[in-house]
Amino acid sequence: MKTLKVVICLSFLLLSLVGCSGQQTNPKEQGANQMNQFYKEMQEKATEILKENKNADILAHGDSIYMNAKHIEQMDNSNIKTGEKLFDIHLTYKKGEPFEQGMATKLPVGTEVYLPAEKQERPILIAVVNGKEEVYFEIFNPINNDSK
């Protein structure tokens, strides 16, 4: 009987050790994997948008995709003012290339992109082209996938 108790205790101890020795993922590695997944989702969505409309006026910032607001009729963007500069467009999309951060389909390389001066109802960016402000609404964000 004593031997049975020892065997049961050792078995329980062994199972506990095996159960606790699962491979732990480094938090930095886990974060990098998640960021790569978000980036991949953004690229897939951009490809999907461009398949549906080869003339889509979109840009990528971070893992989000923004579309020129002039294509979204119900929006009044006349009161939106330019705030802090965020980045410059550094790539123009060419068919067959993966869509990347800082890339746009219609905006020329060097176009300055800004945040709005005031918080808006939905995420937007403002591109300044030849002194004229063009508003871009976020249409995709892999973290908040209910973007329209």
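Annotations for the structure displayed:
- Largest first and in whole Å, the equivalent-ellipsoid semi-axes of region 26-140 read 24, 17, 14, each the square root of five times a Cα gyration tensor eigenvalue.
- Here is the P(r) of region 83-148: all C-alpha pair distances, binned every 5 Å from 0, give 4, 16, 24, 24, 21, 10, 2, 0 in whole percents.
- Cleavage-rule hits, trypsin sites (Lys or Arg not before Pro), region 72-137, DSSP coil, Cβ neighbours within 10 Å at most 15: LYS81, LYS94, LYS95, LYS119
Where a number appears in this text, it was derived from the coordinates with a stated rule and is not lab data. Computed from a predicted structure; not experimentally measured. With ideal geometry, Cβ positions are generated from the backbone for all residues, glycine too; neighbour counts draw on all protein chains shown.
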